[in-house]
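Everything below concerns the one structure shown next.
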Ligand code: FPP
């Protein structure tokens with residue numbers, strides 16, 4: 001782990017948490033359901049969109065912390081396929097905030113060696129947003145550090161529908177045989193292909209649901225729920241979740257006995 005002084009100053013509680021973490025106990029991929037922006041705003045008598053605006057700080061801080069921890073991937077759930085049901089002005093504000101975020105943060109992403117990767121049904125977003133996303137992807141494409149995936153117009157079921165459509169079209173075209181479709185084939189055709197599955201899924205705001213997020217990919221993820229509302233989520237909260245993860249014993253359906261490897265082939 002490098003660059004930790006910029007993440008947590010020596011002598012702070014954050015640094016103590018970090019110093020207790022063994023590099024091999026860190027998750028490779030952390031996924032976050034950012035929830036509670038509306039409640040954060042309501043508690044302050046502010047319009048909901050102010051909660052989203054305040055949530056940007058937490059996005060920036062989490063990306064930077066994940067990069068400094070040298071995680072392989074961070075995936076944030078920013079806009080689900082169901083979020084179109086929200087009032088028009090709220091959807092417009094979320095998209096405007098995304099555009100503003102990309103314009104402001106692109107340079108920092110490059111400096112931090114972050115590769116940006118939007119996932120979801122991007123073709124259904126406004127052309128202007130698609131252009132901003134494509135630009136950020138292009139500018140960061142040579143970066144080799146953290147893969148920062150942002151889920152937009154995304155849901156796990158929609159991702160699976162798209163995958164089944166692609167598989168049946170490929171089968172009809174004769175480029176894939178039914179017996180070729182196995183777990184590897186599916187993983188290689190998901191929006192998140194190429195990055196390891198999330199080891200840790202965090203949801204803020206005290207809700208205990210996975211809300212259609214990365215359904216295939218979280219099969220073996222450890223779940224961490226925190227009452228903290230997303231705009232209040234800090235590096236310290238991320239480190240606390242990572243420390244919680246580091247204490248878990250992952251079995252992948254197998255058994256863990258001294259001197260024995262975890263049975264990854266088992267399925268429960
Ligand atoms: C959930 O809070 C949050 C969202 C639906 C959107 C998350 C968006 C941001 C943090 C800002 C934009 C993101 C980027 C990356 C620029 P909620 O509104 O459902 O909160 P509530 O449950 O308290 O109402």
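Is it fair to say residue 198 is touching a residue at least 12 places away in the same chain (Cβ under 8 Å), in a loop (DSSP other than H, G, I, E, B) and surrounded by 17 or more Cβ atoms within 10 Å (Cβ to Cβ)?
yes
State yes or no: is residue 176 free of Cβ contacts under 8 Å to residues at least 40 places away in the same chain and either farther than 25 Å from residue 57 by Cα or more than 14 Å from the ligand (Cβ to nearest atom) (or both)?
yes
Just name the residue that is surrounded by the fewest Cβ atoms within 10 Å (Cβ to Cβ) out of those in region 82-106 that are under 16 Å from residue 130 (Cα atoms) and more than 11 Å from the ligand (Cβ to nearest atom).
Step by step, filter region 82-106, then rank; the result is 92.
Pick from region 26-48 the residues that are over 19 Å from the mean Cα position of the chain (by Cα) and outside any loop (DSSP other than H, G, I, E, B): which of them is farthest from the ligand (Cβ to nearest atom)?
Once the filter is applied, the top-ranked residue is 43.
Please tell me if residue 219 is closer than 21 Å to residue 79 by Cα and either surrounded by fewer than 21 Cβ atoms within 10 Å (Cβ to Cβ) or in contact (Cβ under 8 Å) with a residue 40 or more places away in the chain (or both).
Spelling it out, it is not the case that residue 219 is closer than 21 Å to residue 79 by Cα and either surrounded by fewer than 21 Cβ atoms within 10 Å (Cβ to Cβ) or in contact (Cβ under 8 Å) with a residue 40 or more places away in the chain (or both).
Condition test on residue 246, is it out of contact with any helix residue (DSSP H, G or I) (no Cβ under 9 Å at 6 or more places or on another chain) and modelled with pLDDT of 90 or more?
no
Can you tell me which residue is nearest to the ligand (Cβ to nearest atom) among those in region 107-127 that are closer than 26 Å to residue 146 by Cβ and out of contact with any strand residue (DSSP E or B) (no Cβ under 8 Å at 6 or more places or on another chain)?
Only one residue fits best here, namely 108.
With the condition kept exactly as written, say whether any residue in region 63-76 is surrounded by fewer than 16 Cβ atoms within 10 Å (Cβ to Cβ), more than 15 Å from residue 140 (Cα to Cα) and within 12 Å of the ligand (Cβ to nearest atom).
no
Being without any contact (Cβ under 8 Å) to a residue 60 or more places away in the chain, within 21 Å of residue 32 (Cβ to Cβ) and either within 14 Å of the ligand (Cβ to nearest atom) or in contact with a helix residue (DSSP H, G or I) (Cβ under 6 Å, 6 or more places away or on another chain) (or both) narrows it down to one of 133, 163, so name that one.
Unique residue meeting the criteria: 133.
The values are calculated or read from the model by the stated rules, or taken from the named source; none is laboratory data. Computed from a predicted structure; not experimentally measured. When we count neighbours, we look across all protein chains shown, and the Cβ atoms used for this are built from the backbone with ideal geometry, even at glycine.
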